[in-house]
Each structure stands twice: as C-alpha cells, then as structure tokens.
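Step one of this worksheet: look at the structure below.
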Amino acid sequence: MPITLRQLTHIYHAGTPMAQQGIVAIDLEITEPVIVAIIGQTGSGKTTLIQHMNGLLKPTDGSIQIDEWHIDRQTKTAVLQGLYQRVGMVFQYPEHQLFEATVYDDIAYGPRNMNLSESEVAERVVQAMTMVGLDPDAIRHRSPLQLSGGQKRRVALAGVLAMRPQKMILDEPTVGLDPQGREAILQLIRSLHETWQMTIILISHNMDDIAQLADRVIVMKEGRMIYEGASAALFLDQAKLLQFGITAPYGVQLVHQLRAKGWPIEPQGLNEEQILDAIIEGMHRQTDTPSSTRPTAPAMEGEP
Amino acid sequence: MLLVEELSYAYRTQEGANCPALMNVSLQIQPGERVAIVGANGSGKSTLVKHLNGLIVPQKGKVMVDGYCTSDPQQRAQVRRTVGMVFQNPDNQIVAPTVEDDVAFGPENLGLPVDMIKQRVHTALQAVDLLGARLRPVHALSGGQKQRLAIAGALAMEPRYLILDEATSMVDPEGKKEILQVLRQLQARKIMALIQITHDMQEAAEAERIIVMGQQHVLSETTPERLFQQPQLLQQAGLTQPPVISLADRLRRRNVPVPETVQTMKELVDCLCQLRSVN
Ligand SMILES: Nc1ncnc2c1ncn2[C@@H]1O[C@H](COP(=O)(O)OP(=O)(O)OP(=O)(O)O)[C@@H](O)[C@H]1O
Ligand SMILES: Nc1ncnc2c1ncn2[C@@H]1O[C@H](COP(=O)(O)OP(=O)(O)OP(=O)(O)O)[C@@H](O)[C@H]1O
Ligand SMILES: [Mg+2]
Ligand SMILES: [Mg+2]
C-alpha cells in the first residue's frame, strides 16, 4: 500500500493571530520501497511535511495514510504508538532527540521500549554504533550532549537504526558529518534500502547526496509541493531547474555547462559513471554528427 | 591578528575523566584573511574556535586577539567584540523572543545609538533574507531560518573577525551563496576576516588558506591547491576531494588529459571544450 497524502495541510497555531502556514493541500502517493528526497528553500515546509509521516504532527486538514494508520485531525495520539517503531525519524538537530545520560542508554532507549532482552538490546546498540562509525568502547559512557556536533549526529542515527524500523525519515542526515563520514552514511542508507527494501525519505540541501541516493524528488516551495518525479528527470532538465531555482549536483552542472557550449550529451542517469560516460561520448561526437557515424576510436582523428 | 600559542585543552567529562580536545596548538590568523578549518568529527575544530573569542580559555598556552589576552577577564569584553561567532547549533545563541529583537540584542549591549542599531539590524536581516520574518517569534522558525538568524546576529556586531562553525549547513544552496557573497565582500574589502569551519570541501577550496585539524593537532596549514593534491593527508584527516577536483580526477583516470591545475568548474569546462576542439 503506498503512503498516501490527501490535501495534507498543517497550519501552526491555526485560528490564532500567530497562525503560520506550514504545508498546504499536498496530494501525493509514495510507492514503496523507494528512496525519496525532499528539497526546497529554508522554511518551505519540508520538516513539517515529514513530521506527519510518523505521527509527530497531525494534519490540521486533509489526511495521510501510512501502512495501516490513517491520520487526520481527529486521530488520537494513543493509536499511533506502533507507528513510531515502524517509521524511524532522525531530526534536523540531533540535540532534539538526545536525552539519556549516556550514549549507550540513548541508543538503547528505542530497543528497550520494544521489550527486547537486555542482551539483544546490547547487541543492537553495538551494531548500530559500528554502522555509524562510532567506537563502542570509547564513548558508550559519555554524555551524548557532551560530544562534538558530528558525533551527536551519529548517536542520533544509531538510536534510530537500533530500532530496525521498516522505514526511515532522515531530516538532513549528512549535515555535520565529516566528508568520509558522509560517504559512509550515504553508502549505509543505500545498502539498507537495497538489502532490506527499506523505504527512506530524506531531506537534504546537498544535491550530490540526492543524485547518489534518491530515485525520486519532491520540491517544496512556500508550503506547497511544486514538483514530484524522478530525480534524473528533474536535474537533467535545465528549464525546470531554473524554474524552481534549484542548483544541480556538480556532475550535472558540468553536463549543463557543456551542453550550453554545444555538446550533445544525454546521460542515462545521475550516477557518476553515467555522467562521465556521457561526457566522454560527447567529447568524441560533433554537434551535428548522428551518433551512428561518429568515429569509435579517438586515434583515427589525427589522420589526414 | 589572532594568535594561538601552544594551546592545550581537555574537557572534563561527567564521570570525571579527562577528554583531551587540543594539544599544543599554535597558529595565527591575520585581519582580513579568509581561512577554512577542516577535519574529522571530534578533531577539535569547535574547541579551537571557541578559544578565539574567549568562550573557553586555555588550560595551557595562550590566545591573543588583536593584542588582548582571552585569559584575562578584564579584556574579555573587548575580545568578544572583536571576534564574532556563529555556532553549529543556532539554538545556543538565540536569546530574544522575536527575530528583530534577537538581532538588536548585541548592538544594544554595545550601547549604540538607536538609529545605528536600526540600521545594523536592517542590513543584517537583509543579508540573510529574513527581513520578511522580522516580527516572527524565534521559536516558530524552521531549522534553516534559525541558522540565518544566528548569522544576522553575529553580523550586526560588525566584528573584525567572523567565525562560522558550520553555520550555513542547513541553508539551501542558493541562500548560502547569497549569504556568503555578502560576507565575502566584507572580507575582500578587508573589513572583516572570515573563518569558516566546514565539511563542504568545495567551500573550503574557495578559502585563501586551510587549517587541517586531526586528533587534537594541526595536521597541516596549507592552501587549497596543495591540500587537495595530497591524497594521503586527505585520507588521514577524514576528508575527500571537492566535487570539481574529483570530477577532473575521474576524467583523468578515464584517459581524458585534464591538467592537475584545474580547480574550478569554469576551468574544467574550458579545458574540456579545448580538448574537444583539438579532437
Ligand atoms: N562539552 C564537552 N564535554 C566533553 N567533551 C567534549 C565536549 N565537547 C566536545 N568534546 C570532545 O572534545 C573533542 C573535540 O570536540 P570538538 O567539538 O572540538 O570537535 P569538532 O572538530 O568540532 O568535531 P565536529 O566536526 O563533529 O563538530 C571530541 O572528542 C569531543 O567528544
Ligand atoms: N513550531 C512552529 N510554529 C510556528 N511556525 C512554524 C513552526 N515550525 C515551523 N514553522 C513555520 O512553518 C514553515 C515551514 O517550516 P519547516 O520547518 O517545515 O521548513 P523547512 O522546509 O523544514 O525549512 P528548513 O530547511 O529551514 O529546515 C516556516 O515558515 C516556519 O517558520
Ligand atoms: Mg527543516
Ligand atoms: Mg564542531
């Protein structure tokens, strides 16, 4: 069953003078399993949107269906208990979800609430810490709030991984990670999706993250969804990028700039190999030459 | 000038253990410079810059800010005024109930005339594109709006040195470009030094100088051009090549003769076009 949003709307402090539009009338179906990225300017409604997907926020209008849960403004919080375990959420600021006295207890919090034996909890905690690149022995007794920024992000990620949720919602998961840590986490996300068919919904301002990971992209603007579709279709279409004010991933920027210089390049997709293939092909192909007649080996070119 | 001499610092953790964060660090930053500080998570970057505006003081060694010593409580007000700082998490520095009040808070504490405060608040909010949210309560801002606000607050103090600790990490790419453009103009006119801690290697590549931190030490003080041609150092420091250099590298590995001097997107495009035309 797809995740289905119908006219999903959230107005903060609705009906008061402080009313503030969060998201407005979003209609969307997300077919699982999938990796979806949500992009858009600061304040465009991304966080508000995803917080509906694990019941943290309830719509002020419209509804959302996720697995067996149907949530609208009347839904009681009590019926959403199981949803928090089904859908793991990593917050935009890790400080907002770190509250136990030690790193160990913080990561163990979710599994303990699932009534697992303490030995199984321990196994999951150690596994999750290893997955996010934290040394279990070195920091398990430390306070999660007395860590560096990137270490906090890793603890928050580990806490959600330890619950082994079916779906994960990640609000800017690579912010604060050092470059190698970022690559490791991207790889982890991809493998969770490929190995366990986990659905991943992530918010990111890093278009390279998105090009590497996401099959589909949602673009938010001023509380509304202005685009939903395949990520390659969006990023390879210069007109759309301009229309929505979106910066392309670096590889794709290169494609667009070469196209502007008359190169005939059509990458098959967004991953780096596809981009490089297309550029190298474009290099050996003159603008007006149909691809079937182009020389196959560059060595031929020097001959009279 | 910011002068750090043989600085060492260890945090005391809750269970009473010592957690060393900086060991014997010495460095200098000149007025008007543009410096990037990079390195792995936990390598000591935030701890280092918190010393530069006296938020924490050396346990060993000393830190001098334009001649003022951060360890002397009587000189600390001057230190804070000289060095502005935007933290990793903006919640740590938002102090007033509304956007406008928050930005005005610092200049008011300097005892500036009302007109001047208004002018500074306006300019700072404009720089981060928050004029429209002037009257909003701060708790009702989105994550990235809070980062924008924190930058405006620091900017309104017109510091001689501005330190951004991953301060634009949650701002959309277009917004980030606009904000950095304003800051760079101030830096280019030598009105302000710009010191950025960042995990964004493309951003680091645009600095004049890079300080690489690794496990409580300065691993290297170098230029972007040199740093990104040292794979071993990058590996050791948890870093990667910036995307443009990495693209150039991968093209080279596929036998496209892109010279190693190519650093920017424009250079890469020009070079590829030239290679194509001689083909
Ligand atoms: N409040 C604190 N109490 C105890 N230890 C701390 C505290 N803050 C940081 N540390 C430790 O000091 C070391 C250096 O941390 P620091 O925050 O300076 O790193 P960083 O380079 O800024 O990392 P990041 O890229 O993750 O922000 C780390 O080992 C960290 O765990
Ligand atoms: N708790 C709140 N109370 C009132 N208004 C809010 C609250 N949280 C967010 N808003 C407002 O709702 C709108 C959408 O915010 P949201 O946090 O969803 O944006 P976002 O797309 O996640 O932005 P960012 O990239 O900056 O995190 C913004 O105008 C924001 O100011
Ligand atoms: Mg957000
Ligand atoms: Mg830090």
Would you give the gap between the C-alpha center of the range A:77-116 and the C-alpha center of the range B:248-279, rounded to a whole Å?
-> 48 Å
Say we join alpha carbon atoms closer than 10 Å with springs in a Gaussian network model of chain A; which of A:Val255, A:Val121, A:Val79 then has the biggest fluctuation?
-> A:Val79
For the protein assembly as shown, alpha-carbon Rg over 2.2 N^0.38 Å | 1.01
Normalising by the residue count of chain B, find the relative contact order in percent from Cα pairs under 8 Å and 6+ residues apart.
-> 22 percent
Spacing of the two label points (7 Å from each Cα toward its C-beta) at B:Arg252 and A:Ala14, in nm | 5.8 nm
For the range A:179-203, state which residues have at least 30 Å² less accessible area in the presence of all protein chains than in their chain by itself, taking the probe as 1.4 Å and leaving out ligands, DNA and RNA.
-> A:Pro179, A:Gln180
Probe 1.4 Å, heavy atoms of protein chains only: per residue, the accessible area of chain A in Å² is 44 Å²
The computed P(r) of the range A:96-162 puts the percent of Cα pairs beyond 19 Å at 18 percent
Can you give me the relative contact order of chain A as a percent, contacts being Cα pairs under 8 Å and 6 or more apart?
-> 19 percent
Could you tell me what fraction of 2.2 N^0.38 Å the Cα radius of gyration of the range B:2-241 comes to, as a two-decimal ratio?
-> 1.01
So if we plug the beta-carbon distance of B:Gln75 and A:Arg224 into 1/(1 + (r/R0)^6) with R0 = 35 Å, what FRET efficiency do we get, rounded to 0.05?
-> 0.10
Calculate what fraction, in whole %, of the accessible area of the protein assembly as shown sits on carbon and sulfur atoms when a 1.4 Å probe is rolled over the protein chains.
-> 49 percent
In whole Å, largest first, the alpha carbons of chain A cover along the principal axes 77, 51, 34
FRET efficiency estimate (nearest 0.05) - Cβ-Cβ, B:Lys177 to B:Asp270, R0 22 angstrom | 0.55
For the range B:49-87 and the range B:149-178, write down the distance between their C-alpha centroids in whole Å.
-> 20 Å
From DSSP H assignment alone, runs of 4+ in chain B each adding -39500 (n - 2.57), the sum over residues rounded to the nearest 500 puts [θ] at 222 nm at -11500 deg cm²/dmol
Specify the residue with the greatest mean-square fluctuation among A:Ser143, A:Ser63, A:Ser231, computed from a Gaussian network of chain A linking alpha-carbon atoms under 10 Å apart.
-> A:Ser143
Which of the pairs A:Lys221/B:Lys118; A:Lys152/B:Lys45; B:Lys146/B:Lys176; A:Lys261/B:Lys266 have their Cα atoms more than 19 Å apart in this structure?
-> A:Lys221/B:Lys118
Take the Cα of A:Lys240, step 7 Å along the line toward its Cβ, and report every residue of the range A:188-223 whose backbone nitrogen sits under 11 Å from that point.
-> A:216-219
Test assert for the range B:228-260: residues whose accessible surface shrinks by at least 20 Å² between chain alone and all chains, 1.4 Å probe, equal B:Gln235, B:Gly238, B:Thr240, B:Pro243, B:Leu247, B:Arg250, B:Leu251, B:Arg254, B:Val256
Label-point separation, A:Leu28 to B:Glu5 (7 Å along Cα→Cβ), nm = 5.7 nm
Heavy-atom accessible surface that B and A bury in contact, both chains counted, 1.4 Å, Å² to 100 | 4600 Å²
Per residue, accessible area of chain B with a 1.4 Å probe, heavy atoms of protein chains only, in Å², comes to 43 Å²
With a Förster radius of 60 Å, plug the Cβ-Cβ distance of B:Gln229 and B:Ala96 into 1/(1 + (r/R0)^6) and report the FRET value to the nearest 0.05.
-> 0.80
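Order A:Thr195, A:Thr102 by their accessible area, 1.4 angstrom probe, all chains in place, largest first. All intermediate terms of the calculation are to be shown ahead of the outcome.
Details: A:Thr195 85, A:Thr102 30 Å².
Highest to lowest solvent-accessible surface, that is A:Thr195, A:Thr102.
Rg over Rh of the range B:1-93, using C-alpha atoms and the Kirkwood radius, what does it come to?
Working: Rg = 13.3 Å, Rh = 13.9 Å.
Here the Rg-to-Rh quotient is 0.95.
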Relative to the isolated chain, which residues of the range B:38-56 have their accessible area cut by 20 Å² or more in the presence of all protein chains (1.4 Å probe, heavy atoms, no ligands or nucleic acids)?
-> B:Asn41, B:Gly42
Using the Cα centre as the reference, give the magnitude of the dipole from point charges on the C-beta atoms of the range A:44-107 (Lys, Arg: +1; Asp, Glu: -1; all else neutral), rounded to the nearest 20 debye.
-> 280 debye
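Quick one: divide the alpha-carbon radius of gyration of the range B:123-279 by 2.2 N^0.38 Å and tell me what you get. Let's see the in-between values first.
Details: Rg = 18.7 Å, N = 157, 2.2 N^0.38 = 15.0 Å.
For the range B:123-279, the normalised Cα radius of gyration is 1.24.
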Sorted from largest down, give the three principal axis spans of the alpha carbons of the range B:71-155, whole angstrom values.
-> 39, 31, 20
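The values are calculated or read from the model by the stated rules, or taken from the named source; none is laboratory data. If you're wondering where the values come from, they're calculated on a predicted model, not measured in any experiment. In this analysis, Cβ positions are derived from the backbone assuming ideal geometry, glycine residues included, and neighbour counts consider all displayed protein chains. Quick note on the areas: whole protein, heavy atoms, side chains included, nothing else; ligands and nucleic acids left out. Shrake-Rupley method; radii C 1.70, N 1.55, O 1.52, S 1.80 Å.
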